[in-house]
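The values are calculated or read from the model by the stated rules, or taken from the named source; none is laboratory data. This is a predicted model, so every value here is computed, not measured. Backbone-built Cβ (ideal geometry, glycine too); neighbour counts: all protein chains shown.
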């Protein structure tokens, strides 16, 4: 079976790593996946393309201008027909909008879309508009895959055809050593990170520096720990984005100073978890974060907001500690509890590793997608 995975990627984040892991497992199962990467003209190799090729996955680039692009959509369909693909699998709102609204008689090939999660947090922004268009386009696809059961509670998802929805949890490569084998962190940067982490308990988080990740509450939580508990806690955020300056200014304003570090985007961020005492997810909204699964597999204790699919992966005081979103005091209290209770930390990481190994492996994810492909191919 030949599958064309289409994605218009902006980096190497959760959705991209899920896709690469899925395609890698599909190759081991005897399927023939190709990643169709949409890029603007004159753009150099995207991170997802490099990561896929490093694992031996075939990549085909579709160069096209952004926005509404019927000619670009037809170019993808011609490629699908020329190479006789059996399934088109979309990852993201851009490819859903581009291909999803095309009539079935024109597409001909079964169309699956994985919804990794909507990230707008209110108001009529460009992201909100794209998500509304995405929801509209999803009405016309053959199957909609949610990456966790918690997404069923979202009002916008409840408007989609229920008979088309399937739930397939995200999965990761286990053991962890399989990730980013050819991505080494710059030695100078790594030296600075190690020096930073050697001076006190380290709370860390990984992600785009955008509003929905709730990093402002995490910065405030570390400030609470310092002021009220006397902990020499240090916060390291691994990522980059439009809120970088704002977060840096917040940290300086409340006097975190040298106890705060934004590293910028690091491809091999997962390898830094060995330097971390507590990992925190402070998000306001989520699908099923790949970083959560990575942290559980790396045996690092987790504090996370109870949003999206997170409570379906972590049971409070079993695999981690759950807190309400937008609550810096609750984050601070849970981090404090873990820092002071070694037996609790040990218990959480043992159960977390066991759960991710049994239920969230890339192999299990790939097997479920194969069944889905066979289901819709037989109906077509």
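Could you check how many residues of region 260-293 are within 17 Å of residue 350 (Cβ to Cβ) and either surrounded by 21 or more Cβ atoms within 10 Å (Cβ to Cβ) or not assigned by TED's automatic domain parsing to the domain that holds residue 187 (or both)?
Summing the residues that are within 17 Å of residue 350 (Cβ to Cβ) and either surrounded by 21 or more Cβ atoms within 10 Å (Cβ to Cβ) or not assigned by TED's automatic domain parsing to the domain that holds residue 187 (or both) in region 260-293 gives 4.
If I ask for residues that are under 17 Å from residue 210 (Cβ atoms) and in contact (Cβ under 8 Å) with a residue 40 or more places away in the chain, which ones from region 238-263 would you list?
262, 263 - these are the residues of region 238-263 that are under 17 Å from residue 210 (Cβ atoms) and in contact (Cβ under 8 Å) with a residue 40 or more places away in the chain.
Please find, within region 211-235, the residue that is nearest to residue 302 (Cα to Cα) out of those that are over 26 Å from the mean Cα position of the chain (by Cα) and part of a helix (DSSP H, G or I).
Selected residue: 225.
Go through region 212-232 and report how many residues are in contact (Cβ under 8 Å) with a residue 12 or more places away in the chain and more than 17 Å from residue 327 (Cβ to Cβ).
Final tally of qualifying residues: 3.
Does region 107-117 contain at least one residue that is within 22 Å of the chain's Cα centre (by Cα) and modelled with pLDDT under 90?
Checking region 107-117: at least one residue is within 22 Å of the chain's Cα centre (by Cα) and modelled with pLDDT under 90.
Considering region 137-158 alone, what residues qualify as being part of a helix (DSSP H, G or I) and at pLDDT 90 or above?
Residues satisfying the conditions are 137, 138, 139, 140.
At least 2 residues that are within 17 Å of residue 205 (Cα to Cα) in each: list the helices (runs of 4 or more DSSP H) lying fully within region 253-345 that qualify.
By residue number, 290-297, 328-340.
Determine whether residue 376 is more than 17 Å from the chain's Cα centre (by Cα) and closer than 19 Å to residue 219 by Cα.
no
With more than 23 Å from residue 368 (Cα to Cα) and under 22 Å from the mean Cα position of the chain (by Cα) as the only criterion, which of 60, 50 stands out?
Step by step, each of 60, 50 is checked, and only 50 is more than 23 Å from residue 368 (Cα to Cα) and under 22 Å from the mean Cα position of the chain (by Cα).
Would you please list the contacts, defined by Cβ atoms under 7 Å and residues six or more apart or on different chains, that run from a residue in region 129-145 that is outside the structural domain of residue 160 (by TED's automatic domain parsing) and free of Cβ contacts under 8 Å to residues at least 60 places away in the same chain to a residue that is crowded, with 20+ Cβ neighbours inside 10 Å and assigned to a helix (DSSP H, G or I)?
none
So in region 195-210, with the set limited to residues that are within 15 Å of the chain's Cα centre (by Cα) and surrounded by fewer than 22 Cβ atoms within 10 Å (Cβ to Cβ), which one is modelled with the highest pLDDT?
My answer is 209.
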